[in-house]
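Here's the structure we're looking at; comments come further down.
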Amino acid sequence: MKVKLSKFLEEKIPDLEKIVEKLSQKYRYVSILGNDVRGKRYLVTEDIKITDSNWNERGFVVRVYNGLNYSEYSFDEIDDSVVDFVNERVVGELEKFKSVLESPLIEEEKENGTFEGEVEILPEEIDAGKKIKILSSLRDRAYSISNSLANFWAIYEEVNVSKIFLSGQKHLSQSYVWTQGYLQAIARRDEKTKYSYEGYSGMKGAEILYEMEKGVEKVVREAESLIDSTSIEPGEYDVICSPDVSGVIAHEAFGHGVEMDMFVKGRAKAVEYLGREVASKLVTMHDGASAAKQVASYFFDDEGVIGKDTVVIEKGILKSGISDLISSLRLGTRPTGNGRRESFERKAYSRMTNTFFEPGNDSLEEMISSIKDGYLLEKVSSGMEDPKNWGIQCWILYGREIKDGHLTDRIVSPILMTGYVPDLLKSISMVSKDLELSGTGACGKGHKEFVKVSSGGPYIKARARLG
Amino acid sequence: MMIDSIAELLSAKVDDWKILERMVDGRELFFIKDSLDMNRAKRTHKFFVTIYSDFEKEGKLYRGSSDFTIYPGMKKDEIKSLIEENIFSSKFVENPYYPVVNEKHTVSKIDPSEPDLDRMIQDFPFKSEGVWINSSEFFLNRIEERIINSKGIDVSNKMYRLYVEMITTAKSKEEVELYWSFERSYPLVKMEIEEAMMATRDRAEAIPTPDVKDLPVILSGESVGEFFKYPLYKTSGLYIYEHLSDLKKGDRINGNFTMWIDPHVEGSAYSLNYDEDGFLCRKVKIIENSTVVNIWADVRYAYYLGIEPTGHLTNFVVECGNESEKSFEDGKYLKVLSFSDFQMDPVTGDFGGEIRLGWYGDGKKRVAVTGGSISGNITKCDFVLSSEYQLTGNFKGPKSLKITGAQVGGKRSTPHHL
């Protein structure tokens, strides 16, 4: 089923075009992004909650070239005051500042286009009652499997995205749906509490609800087994990273590290390494809205640039960064369609989309049998990067011990993986044939500006510091 | 007024409802070094609505609910259809009954003064000897809220929220940086920025964190507030109702500390009179000398647990200890000021983070260290609180915390500096 553009946005186009026209009499570049994102989140646990999705938004952001650089105004009420407000309160305050950093003028080519996503089942085709019933049955099944469960969460979230981008040269629109599901089992024995989770996501509709059933037993058994887990002895180990852990390494290591607004600020060490070896020859890494079909896929970014597939690392060599529009103008490079905003209320930055390592030729079995003393790392909780100094931190839910080429019954949890990015990536010695992407998380810049991203890859074998 | 029209539509359809109207007027400034890179403004206006549907099933009273947002410019038909859709959805939400707020309290309004952003930027020390502000972002929001419900509650909050993010850079053999963020209702002072710059100079000279065992770890700065999120959430009505916590009054937590929920911490951007339900928030002691003395909960979970509500979380305060930060540095220690991302898991008590800047000391000398990590579980650690206090986000409490029982993962070599 095709996803139609929001009626609200369609109706607002004439008013927005008038604003662009009026402001264009004064400014050499004017654009407006209009967002209407509608979604619901259904949570079934001890109690039930139906709330708006955290990704919901409805409003507009206008950007003008003020003669030196760019000024923006985010608003959600269209009236006669918008133009005056931009002139007086936004551009008007520039004179307060002693030093203003100049930016080149955006020169656009004519571009019109529309994109309508397609899903199997549109979220509105299944009513709230049925969604709650499905999630409740997942919860009830979980409790029937184990009596160690302290709690179980079944979450389903549907998000319908509509965006329009208008400027002197561009008239773009896109509408699509993404959904995600989440199962979390919390097990407790005596004083010890542990949990595990399974995530589901994609450019999919309500059909994702039916994929979640298969994860219930797995997540419950994992949570139960984690109660018996022990702490890891801090040290360096041979590790195999599952696809979601690989994905977070890609994301943290050379995703944030090549966001090109960081190049402009002189905050990225990667700028010195373009064209140089930064990883093992087995490593090829992509980022891009069109590089995969996952929750961060789109037709155009929040600056009206068409989404692309960027090869960041090719056979170990750093090839390219990912860029927003203004950074690319300053650097003299081509924008890569990575200018993204948390919402219409926020600034656009260079941001990741779908970030992943390409698959290789090894099998998981071969990788396990090659390790004398190490761990198979599964399920990532969070990650953090240091683009200037190339430190990396990943919280991993658990590791399964490998001794003499075999998995043992010992599980360690949680694990904090840290290290120096090139050391970690150059240590990659085996890459599996698998490729899985997951998009249940969100990515911040620093500690804010959250956008929806996906990441993934194959199983990889590397050497890492665990604590 | 739009809020009155929404209330009228709701009253005609459901027994109970609440509306939180929020207006935000914001200014945003982005700098690279000392030059303005972009300026932005925003004005938004939203109505967060909750409708409640009561129904009986097999003799038991249930209260369903559904939340949705109404935006300005929505036509009456669209609003009506949203209300119908959410009434329909709420009938499938089989939660035990709970009331909405119906007690009216009158308190004097908090009328905060606006932080002078322009003055703050004029006085901002963008560079100093060997260290500079690489980039900085300033967000100043004026937030006005009005909360009304079907029982006649009509209350309001007004606050200023200043958020500053800055990256400090220093150069020794190579350039290094540190990340800082501040969230509060008053401007930054020069001394805070100078302290951040000094720390960055230390990072430029830092050596890899050594692999040391059985060493006390001193947390300093933001990570201290994060550390206390375990006792904070374990004593919340929500966690107890959801079986994420089995703590009850009289139970003990490690360490020796006293914690409060306090809606009126001076300087906090989270201080307010009323929570999102329109409930007048109260200051309540939650933990005294590490013993749970109260559970904090909003109106709904308090009703479920049969306790007095405190309101949604605003600020949490941990009383400071008796020992100075300086005294923590007697003997060998590892003090960490900046992590990549220090995290406490409030369900399991596991905590840790990668070290961006710390100091390894022996009581006489100290050397700056970077890299490696600390990790542990709060239930297996002991900790002592410093006498100096700090305010970070919605946490007011000790500036430092000395922990025994945490693990340090560093490089297998001993620094020759000591």
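Listed here are the residues, each with its yes/no results for (1) of a type in the set (F, W, Y); (2) under 30 Å from B:S135 (Cβ atoms).
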| site | (1), (2) |
| --- | --- |
| B:A12 | no, no |
| B:E21 | no, no |
| B:F31 | yes, yes |
| B:R43 | no, yes |
| B:V49 | no, no |
| B:E58 | no, no |
| B:Y62 | yes, no |
| B:S66 | no, no |
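Residues in segment A:349-382 that are farther than 21 Å from A:V431 by Cα and within 14 Å of chain B (Cβ to nearest Cβ): A:Y349, A:S350, A:S381, A:S382. Mind listing just one residue for me: the one in segment B:322-347 that is out of contact with any helix residue (DSSP H, G or I) (no Cβ under 9 Å at 6 or more places or on another chain) and facing chain A (nearest Cβ under 10 Å) and, of those, farthest from B:R201 (Cα to Cα)? Filtering segment B:322-347 for residues that are out of contact with any helix residue (DSSP H, G or I) (no Cβ under 9 Å at 6 or more places or on another chain) and facing chain A (nearest Cβ under 10 Å), the one farthest from B:R201 (Cα to Cα) comes out as B:D341.
All conditions in (1) away from chain B (no Cβ under 14 Å); (2) in a helix (DSSP H, G or I) hold for A:L424, with the sole exception of (1). Output the number of residues of segment A:19-53 satisfying the condition of being part of a loop (DSSP other than H, G, I, E, B) and either at pLDDT below 95 or away from every other protein chain (no Cβ under 11 Å) (or both). Total meeting the criteria: 7. When segment B:350-369 is filtered for residues that are under 28 Å from A:Y398 (Cβ atoms) and more than 8 Å from chain A (Cβ to nearest Cβ), the ones remaining, listed by number, are B:F351, B:I355, B:G358.
Return yes or no: is B:I110 at pLDDT 95 or above and either assigned to a strand (DSSP E or B) or away from chain A (no Cβ under 14 Å) (or both)?
Numbers: at pLDDT 95 or above: no; either assigned to a strand (DSSP E or B) or away from chain A (no Cβ under 14 Å) (or both): yes.
No; evaluated as a whole, the condition is false for this residue.
Only one of A:S290, A:S246 is surrounded by 23 or more Cβ atoms within 10 Å (Cβ to Cβ) and either in contact with a Phe, Trp or Tyr (Cβ under 6 Å, 6 or more places away or on another chain) or without any contact (Cβ under 8 Å) to a residue 60 or more places away in the chain (or both); which?
Numbers: A:S290 fails: surrounded by 23 or more Cβ atoms within 10 Å (Cβ to Cβ).
Sole residue among the options that is surrounded by 23 or more Cβ atoms within 10 Å (Cβ to Cβ) and either in contact with a Phe, Trp or Tyr (Cβ under 6 Å, 6 or more places away or on another chain) or without any contact (Cβ under 8 Å) to a residue 60 or more places away in the chain (or both): A:S246.
Results for (1) touching a residue at least 24 places away in the same chain (Cβ under 8 Å); (2) of a type outside the set (S, T, Y); (3) within 11 Å of chain A (Cβ to nearest Cβ), shown as yes or no for each residue.
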residue	(1), (2), (3)
B:R161	yes, yes, no
B:T169	yes, no, yes
B:E177	yes, yes, yes
B:R184	yes, yes, no
B:A204	yes, yes, yes
B:T209	yes, no, yes
B:P216	yes, yes, no
B:L219	yes, yes, no
B:V224	yes, yes, no
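You will find that of A:E252, A:E272, A:E236, the residue that is assigned to a helix (DSSP H, G or I) and over 23 Å from the mean Cα position of the chain (by Cα) is A:E272 and no other. Taken residue by residue, segment B:274-297 has at least one member that is in contact (Cβ under 8 Å) with a residue 60 or more places away in the chain and within 14 Å of chain A (Cβ to nearest Cβ). The single condition among (1) away from every other protein chain (no Cβ under 11 Å); (2) small (G, A, S); (3) touching a residue at least 24 places away in the same chain (Cβ under 8 Å) that A:A442 does not satisfy is (3).
B:Y270 - would you say it is touching a Phe, Trp or Tyr at 6+ places or on another chain (Cβ under 9 Å) and of a type in the set (F, W, Y)? No.
Scanning segment B:17-52 for residues being free of Cβ contacts under 8 Å to residues at least 24 places away in the same chain and either farther than 30 Å from B:K127 by Cα or more than 8 Å from chain A (Cβ to nearest Cβ) (or both) gives a total of 2.
From the residues in segment B:180-212 that are crowded, with 19+ Cβ neighbours inside 10 Å and among the hydroxyl-bearing types (S, T, Y), which one is farthest from B:F126 (Cα to Cα)? For segment B:180-212, the residue satisfying everything is B:T209. Residues satisfying the criterion are absent from segment A:55-63 (criterion: closer than 20 Å to A:D301 by Cβ, touching an Asp or Glu at 6+ places or on another chain (Cβ under 6 Å), of a type in the set (S, T, N, Q) and in the same structural domain as A:S175 (by TED's automatic domain parsing)). Within segment A:410-467, the set of residues being of a type in the set (V, I, T) and within 30 Å of A:D302 (Cα to Cα) comprises A:V421, A:T440, A:V451, A:V453.
Just to be sure before I move on: is A:I402 within 14 Å of chain B (Cβ to nearest Cβ), aliphatic (A, V, I, L, M) and more than 30 Å from A:K293 (Cβ to Cβ) in the structure I sent? Break it down into steps so the answer makes sense when it comes.
Working: within 14 Å of chain B (Cβ to nearest Cβ): no; aliphatic (A, V, I, L, M): yes; more than 30 Å from A:K293 (Cβ to Cβ): yes.
For A:I402, the condition - within 14 Å of chain B (Cβ to nearest Cβ), aliphatic (A, V, I, L, M) and more than 30 Å from A:K293 (Cβ to Cβ) - is not met.
Evaluate segment A:61-76: report whether one residue or more is more than 7 Å from chain B (Cβ to nearest Cβ), touching a residue at least 60 places away in the same chain (Cβ under 8 Å), assigned to a strand (DSSP E or B) and touching a Leu at 6+ places or on another chain (Cβ under 7 Å). Yes, segment A:61-76 has at least one match.
If we keep just the residues of segment B:377-391 that are within 14 Å of chain A (Cβ to nearest Cβ) and surrounded by fewer than 23 Cβ atoms within 10 Å (Cβ to Cβ), which is nearest to A:Y420 (Cα to Cα)? Don't jump to the end; show me each part of the working.
Narrowing segment B:377-391 to residues within 14 Å of chain A (Cβ to nearest Cβ): B:377-381.
Filter once more, so that each one left must be surrounded by fewer than 23 Cβ atoms within 10 Å (Cβ to Cβ): B:377, B:379-381.
Values: B:N377: 25, B:T379: 31, B:K380: 29, B:C381: 29 Å.
Ranking the candidates gives B:N377 first.
Looking at segment A:102-152 only, could you name the residues that are hydroxyl-bearing (S, T, Y) and within 17 Å of A:I50 (Cα to Cα)? Spell out the reasoning first.
Here is the first cut: in segment A:102-152, the residues hydroxyl-bearing (S, T, Y) are A:103, A:114, A:136-137, A:143-144, A:146, A:148.
Within segment A:102-152, A:S136, A:S137 qualify.
The values are calculated or read from the model by the stated rules, or taken from the named source; none is laboratory data. Note that the coordinates shown come from a computational prediction; the quantities given were computed from them, not determined experimentally. Cβ atoms come from the backbone with ideal geometry, glycine included; neighbour counts cover every protein chain shown.
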